[in-house]
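**Q** The structure is given below, and queries will be raised subsequently.
The values are calculated or read from the model by the stated rules, or taken from the named source; none is laboratory data. Note that the structure is predicted; figures quoted are calculated from it, not measured. Neighbour counts run over all protein chains shown; Cβ positions are idealised from the backbone, glycine included. Surface accessibility is based on the protein's heavy atoms, side chains included, excluding ligands, DNA and RNA. Shrake-Rupley method; radii C 1.70, N 1.55, O 1.52, S 1.80 Å.
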Amino acid sequence: MRIGVLNGPNLNLLGHREPLHYGTRTLADIEALLLARAEANGAELTFFQSNDEGEIVDWVQATGDRVDAWLVNAAALTHTSVALRDALAGSDRPFVEVHLSNVFAREPFRHTSLLSDLAIGVIAGFRASSYLFGLEALLRHLATGGETGTGKAG
Ligand code: DQA
């Protein structure tokens, strides 16, 4: 299984940025945790982070043919980006949406996601572990031929 792991704007600052919301692990820490979990499950990961919406859309377009699924923390783009939504839909690959913080316990504008209805499922609020739970869910979904989850992309 090949999985593209996408991180959106400001997630390059993890470890220093608003630790009460996002915890103290850096993005490199999270990637290392994911790699260990992926290796134990025979999965291959490709990582990408950008602060630029256009670069993210380009990456999804360029990478879609080389991955089986996506693990996505689109950060602020979650709440705003029709372009990313369309790119993920166009890739025709299932994805799990993850958030470090519990977006539903925060400002109302974070309660809306332009991605969730396309996702297999959404995991939010477990800090770095959200990514690990998301990866587990994705691998299980792929291994069972899409029997888990109810999302349209699956
Ligand atoms: C986030 C939540 C978003 O609302 C926010 O803009 C982020 C991070 C999270 O992981 O909790 O940058 O996606």
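**Q** If I ask for residues that are hydrophobic (A, V, I, L, M, F, W, C) and over 24 Å from F126 (Cα atoms), which ones from the stretch 57-83 would you list?
**A** Kept after step one, since they are hydrophobic (A, V, I, L, M, F, W, C), are these residues of the stretch 57-83: 57, 59-60, 62, 67, 69-72, 74-77, 82-83.
Answer for the stretch 57-83, where residues must be hydrophobic (A, V, I, L, M, F, W, C) and over 24 Å from F126 (Cα atoms): V57, W59, V60, A62, V67, V82, A83.
**Q** Can you tell me which residue is nearest to the ligand (Cβ to nearest atom) among those in the stretch 117-138 that are of a type outside the set (D, E, K, R) and out of contact with any helix residue (DSSP H, G or I) (no Cβ under 8 Å at 6 or more places or on another chain)? Can you show your working first?
**A** Restricting attention to the stretch 117-138, the residues satisfying the condition of being of a type outside the set (D, E, K, R) are 118-126, 128-135, 137-138.
Restricting the remaining residues to those that are out of contact with any helix residue (DSSP H, G or I) (no Cβ under 8 Å at 6 or more places or on another chain) gives 119, 129-130, 133-134, 137-138.
Numbers: A119: 13, S129: 12, S130: 7, F133: 13, G134: 11, A137: 16, L138: 17 Å.
Of everything passing the filter in the stretch 117-138, S130 is nearest to the ligand (Cβ to nearest atom).
**Q** Under 6 Å between Cβ atoms, which residue pairs at least 6 apart in sequence (or on different chains) link something in the stretch 121-136 that is in contact (Cβ under 8 Å) with a residue 60 or more places away in the chain with a partner that is open to solvent by less than 30 Å² (accessible area, probe 1.4 Å) and assigned to a helix (DSSP H, G or I)?
**A** As it stands, the answer is A128/I30; Y131/I30; Y131/L34; L135/L34, since those pairs meet every condition given.
**Q** Determine whether the stretch 71-81 contains at least one residue that is over 23 Å from H141 (Cβ atoms) and more than 15 Å from the chain's Cα centre (by Cα).
**A** yes
**Q** Here's another thing I want to ask about it. Take the stretch 115-125 and flag every residue that is in contact with a strand residue (DSSP E or B) (Cβ under 8 Å, 6 or more places away or on another chain) and either surrounded by fewer than 16 Cβ atoms within 10 Å (Cβ to Cβ) or within 16 Å of A137 (Cα to Cα) (or both).
**A** To start, the set of residues in the stretch 115-125 that are in contact with a strand residue (DSSP E or B) (Cβ under 8 Å, 6 or more places away or on another chain) comprises 115-116, 118-125.
Result: S116, L118, A119, I120, G121, V122, I123, A124, G125.
**Q** Just give me the residues in the stretch 60-82 being away from the ligand (no atom under 16 Å from the Cβ) and out of contact with any Ser or Thr (no Cβ under 7 Å at 6 or more places or on another chain), in sequence order. Give the derivation first.
**A** Let us first name the residues in the stretch 60-82 that are away from the ligand (no atom under 16 Å from the Cβ), namely 60-69, 82.
Those that are away from the ligand (no atom under 16 Å from the Cβ) and out of contact with any Ser or Thr (no Cβ under 7 Å at 6 or more places or on another chain): Q61, A62, D65, R66, D68, A69, V82.
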